[in-house]
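The values are calculated or read from the model by the stated rules, or taken from the named source; none is laboratory data. Note that the coordinates shown come from a computational prediction; the quantities given were computed from them, not determined experimentally. Counting neighbours? That spans all protein chains shown, and the Cβs are built from the backbone with ideal geometry, glycine included.
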Amino acid sequence: MKIEVINKKINEVEADIKIVFVVNKDYDHKSVEDKKTLEFLGFKAESEEVCFLGEKKTVYVGVDSLDAEELRLAVGKAINVIKTTNAKTVKIGTYSDDCPGVNIKAMSEAFILGSYSFEEYKTKKNPLKIETITICLDDYSRPDVSVTTAQKAVKVGTIIADSTNYAKDLVNTIPHDMTSVRLAEVAQELDQIENVTCKVYDEKFLEEQGMGAFLAVNRASHIPPRLIHVIYKPKNAKEKFVYVGKGLTYDSGGLSLKPGSSMVSMKSDMGGGAAVLGIVKAAAEIGLPYEVHAIVGATENSIGPEAYKPDDVLVAKNGTTIEIGNTDAEGRLVLADCLCYACEQKPDYLIDMATLTGACVVALGEYTTAVMGHSSKMKHSLMKSAIGSGELTGTLPFNRYLKKQLKSPIADLSNIGKNRWGGAITAGMFLDNFVADEYKDKWLHLDIAGPAFVDSAWGYNQCGASGAGIRMNLYWMIDKSKEEDV
Ligand code: BES
Ligand code: ZN
Ligand code: ZN
């Protein structure tokens, strides 16, 4: 599917289907050519309300405002209708707001995110019929967005959404196919992008590095672990962003086995790993002025005679000893060693992303990413950019009492808290033990357990993987690069 911009009015352009957004307070606007029919059909132009006039080949969608996210949602609704038709060409206006390009970028993202489908395991495929989306710049609301600005916005939006869909493919692929070894092979292919290199490390390296926590999680798996390290390093890079992703290709819970129903969809436990790969891919394709690293700890949490056990004591890379209270709290063990390794890269910003706790979903719901860390400034900066990206975030605060919950009578730390309250925070505070002192204020922990996997479609997300966390981080880096330009 190609997205193009044209400096014409929407009615001067030929296309199979036209999309029109109706701001509800503006129902009388001249762009609403079919007002009488729409009213007759009971269309109130409420947010996310859709009306498809087949004869007129027009899809109307209600919106509350012309904010970027409102437009993404509206595009998502429209594309769901158009997908069911045989339309090959689609046209739409620009709906630009104060900042030219912002909404064109958002709409481009939504066209690509909304038209995603995962059909790898279907015998009868249903490929997308839409070939071209034409964005008509000379619309009623703002005729002064230049073609160059619009084309750049489309390009960036396309890269962001394509990298999100790339991550969705990785997570949606079944765990039997998307193993740690396979994930490393896929990541290796990123080195075809300019300024990108990829190093893949196996169990021998983990042993040399003293990554006893990561290795223990892998012990019951017949597939070896992989530490994947992808680096995008442009010339004259300004600062260094190091992303660490939990890459559990499957989480059965280990010997502290999950109940059957909780195990379903645990292929999504590599959502953080897939997201960090997507971030580096997009950063390189956009050509951001930063060095960006993705470090993925890839393995599965399985059961078998070799499995690590509750009561075991593990030694992490930084020498910290960890008593195991529950083998299902495995992500933090893999991340512990990966965070130690990440600190050795001397990051200016260190961000880990993980489907870490069910408690996080209880706390914030299934649509929101939890942001944790010591630096309020860094948390706010990311969360501000997240708003522009359309991703939802909320903070969960660390505190001294929950920290005490991680005490162990026989080791430096326990891998679980004394009780289940505040479980997302205790998990975050566990990770804190593996972030070296000088990086404490440069570190954020993002728990994406809620939004990473979609049980029933919402917004422009289909069922399955969502690529949570990718867009907010790319928007963050883009916003930063603009601040520094001024
Ligand atoms: N991968 C899970 C967390 C998870 C749960 C992600 C639901 C997505 C949806 C993680 O490894 C886990 O099992 N955590 C335990 C921790 C507990 C044993 C302290 C949990 O959340 O129950
Ligand atoms: Zn688990
Ligand atoms: Zn897990």
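A residue that is assigned to a strand (DSSP E or B), touching a Phe, Trp or Tyr at 6+ places or on another chain (Cβ under 7 Å) and at pLDDT 95 or above occurs somewhere in the stretch 3-11. Against the conditions (1) buried (at least 23 other Cβ atoms within 10 Å of the Cβ); (2) part of a loop (DSSP other than H, G, I, E, B), Ala106 satisfies every one except (2).
Residues that are within 27 Å of Asp479 (Cα to Cα) and either modelled with pLDDT under 95 or not assigned by TED's automatic domain parsing to the domain that holds Lys57 (or both) occur in the stretch 172-187; there is at least one. Taking the stretch 315-334 as the range and being of a type in the set (D, E, K, R), within 15 Å of ligand 3 (Cβ to nearest atom) and in a loop (DSSP other than H, G, I, E, B) as the test, the residues that pass are Asp328, Glu330.
Screening Asp455 against (1) within 24 Å of Leu170 (Cβ to Cβ); (2) surrounded by fewer than 21 Cβ atoms within 10 Å (Cβ to Cβ); (3) in contact (Cβ under 8 Å) with a residue 60 or more places away in the chain; (4) in contact with a strand residue (DSSP E or B) (Cβ under 7 Å, 6 or more places away or on another chain) leaves a single unmet condition, (4).
Anything in the stretch 29-60 that is surrounded by 14 or more Cβ atoms within 10 Å (Cβ to Cβ) and of a type in the set (Gly, Ala, Ser)? List them, or say none. Within the stretch 29-60, Ser31, Ala45, Ser47 meet the criteria.
Could you list, in sequence order, all residues of the stretch 388-421 that are touching a residue at least 60 places away in the same chain (Cβ under 8 Å) and either under 30 Å from Thr164 (Cα atoms) or not assigned by TED's automatic domain parsing to the domain that holds Met372 (or both)? Scanning the stretch 388-421 gives Gly388, Ser389, Gly390, Glu391, Thr393. Note on the stretch 251-266: residues that are more than 10 Å from ligand 2 (Cβ to nearest atom) and either surrounded by 19 or more Cβ atoms within 10 Å (Cβ to Cβ) or small (Gly, Ala, Ser) (or both) total 4. Scanning the stretch 12-28 for residues that are surrounded by 12 or more Cβ atoms within 10 Å (Cβ to Cβ), out of contact with any helix residue (DSSP H, G or I) (no Cβ under 9 Å at 6 or more places or on another chain) and over 26 Å from Ala161 (Cα atoms) yields Asn24, Asp26. Of the set (1) over 23 Å from Met263 (Cβ atoms); (2) part of a loop (DSSP other than H, G, I, E, B); (3) in contact (Cβ under 8 Å) with a residue 40 or more places away in the chain; (4) within 26 Å of the chain's Cα centre (by Cα), all apply to Ile478 but (2).
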